[in-house]
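Here is the structure we will look at.
The values are calculated or read from the model by the stated rules, or taken from the named source; none is laboratory data. Just so it is clear, the structure is predicted and the values come from calculations on it, not from any experiment. Positions of Cβ are backbone-derived with ideal geometry, glycine not excepted, and every protein chain shown enters the neighbour counts.
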């Protein structure tokens, strides 16, 4: 939804905006944008990758959850990368869509820059449409950032900015792996260059990272305080709360539950896409822990497909309006998997977070939450009834944390407004002036020259 949020801001400023989606997309996912953004569709490919994607994704999330329970990091599944490649092929094969893009003569393309989605960039590049990239971490290799690994922890490392010497060495190793594409190859074992050779202009790009690096502007969705302070190039813009939307009213059922439990402090629990994958043993651990804390009410977004005893102070829902609940004053804390959007929403509405990371950047996020003092974390493989209860009790009764969270709330609400206004101005300037005087020559220099000086050896007499 990141690119749709930016497109919506452009539409509000009077620009004509078009979004491209599969013909079988779920309209409810972009319900808040369809009034201002025109939608073009393409026909998905009729193959096993398309048909089995939902099951494959579920299998992937299950493997991540099981890995977290056992204290293991799970890498990206190949099928996810192939799915995005499949989507790109489908768009390129849709002659009607390609002809419409060619005739429309777009001034700008807003591209999702998450590592798994980079195949899409070949489409605006093929039609000579200037493009910007929305990415979720400032250490993205395509940004060729200025920050040194001595104080800027990699998104895949479990460190804060205040690293020990041994941690800096490990972070340096990760930094080199990421910038030399070794780590990207690990995450994407099927890095396919077929489309790159066919639709690029000759041989001017040798990899997908080089293609993405041609972006006129990079928008990083980890603005402060969801990112350690990091020096960046002029064409890199960090923004907080890009996907935040105004909160709405709660359903009558939720309002009734809150009204019936006025004397209790209420805890919201949600693990995003993992909510429907909890094994029986893990669900029982959570429910037993929650059930013994009778002075609290737990509202949990989870799907359990097995018989289990639900304590009276726990309310289960297949789906919850997370943002609307976090905005409610009766919610005192949030238990989460530490996903980026969940963190942004919790901070915006001033709720301390107990992070239980599962995969990807969530460990990095959880450690930063504790470092800045607006929550704490615990690993799934370390979880027990007592440790979970201790963390919950600590967060609810920590006055220092309450003060920090309240300050962060005011900062986040002000910063998100400033960032969105600044982003709108940056995009307007880009449309008028292009990337004049914002893209440094250092961004196209080879890694060994940019970060480590000249490759020549100098001697003195």
**Message:** Whether any residue in the range 359-368 is under 26 Å from residue 252 (Cβ atoms) and in contact with a strand residue (DSSP E or B) (Cβ under 9 Å, 6 or more places away or on another chain) is what I want to check.
**Reply:** no
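Applying the selection to the range 405-427, what residues are closer than 24 Å to residue 266 by Cβ and either in contact with a helix residue (DSSP H, G or I) (Cβ under 7 Å, 6 or more places away or on another chain) or outside any helix (DSSP H, G or I) (or both)?
Scanning the range 405-427 gives 408, 409, 412, 413.
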**Fill in**
Given the conditions (1) under 30 Å from residue 158 (Cα atoms); (2) part of a loop (DSSP other than H, G, I, E, B); (3) in the same structural domain as residue 345 (by TED's automatic domain parsing), every one holds for residue 309 apart from (1)
**Message:** For the structure I just gave you, tell me whether residue 402 is more than 18 Å from residue 325 (Cβ to Cβ), in the same structural domain as residue 281 (by TED's automatic domain parsing) and either part of a strand (DSSP E or B) or free of Cβ contacts under 8 Å to residues at least 40 places away in the same chain (or both).
**Reply:** no
**Request:** Considering only the range 247-275, state which residues are within 27 Å of the chain's Cα centre (by Cα) and in a loop (DSSP other than H, G, I, E, B).
**Result:** 247, 248, 249, 250, 271
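For residue 430, state whether it is over 21 Å from the mean Cα position of the chain (by Cα), under 30 Å from residue 129 (Cα atoms) and assigned to a helix (DSSP H, G or I).
On the way: over 21 Å from the mean Cα position of the chain (by Cα): yes; under 30 Å from residue 129 (Cα atoms): yes; assigned to a helix (DSSP H, G or I): yes.
It is true that residue 430 is over 21 Å from the mean Cα position of the chain (by Cα), under 30 Å from residue 129 (Cα atoms) and assigned to a helix (DSSP H, G or I).
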**Message:** Restricting to the range 368-379, give me the number of residues that are part of a helix (DSSP H, G or I), in contact (Cβ under 8 Å) with a residue 40 or more places away in the chain and surrounded by fewer than 19 Cβ atoms within 10 Å (Cβ to Cβ).
**Reply:** 2
**Request:** Filter the range 193-213 down to residues that are part of a helix (DSSP H, G or I) and more than 27 Å from the chain's Cα centre (by Cα), then give me how many there are.
**Result:** 4
**Request:** Answer yes or no: is there a residue in the range 194-201 that is in contact with a strand residue (DSSP E or B) (Cβ under 7 Å, 6 or more places away or on another chain) and modelled with pLDDT of 85 or more.
**Result:** no
**Message:** I want to confirm something. Restricting to the range 276-305 and keeping residues that are assigned to a loop (DSSP other than H, G, I, E, B) and in contact with a strand residue (DSSP E or B) (Cβ under 9 Å, 6 or more places away or on another chain), which single residue is surrounded by the fewest Cβ atoms within 10 Å (Cβ to Cβ)?
**Reply:** 295
**Prompt:** Picking from 378, 367, 396, which residue would you name as being in contact with a helix residue (DSSP H, G or I) (Cβ under 7 Å, 6 or more places away or on another chain) and not assigned by TED's automatic domain parsing to the domain that holds residue 69?
**Reply:** 378
**Complete:** Within the range 12-32, the count of residues that are more than 23 Å from the chain's Cα centre (by Cα) and part of a helix (DSSP H, G or I) comes to 1
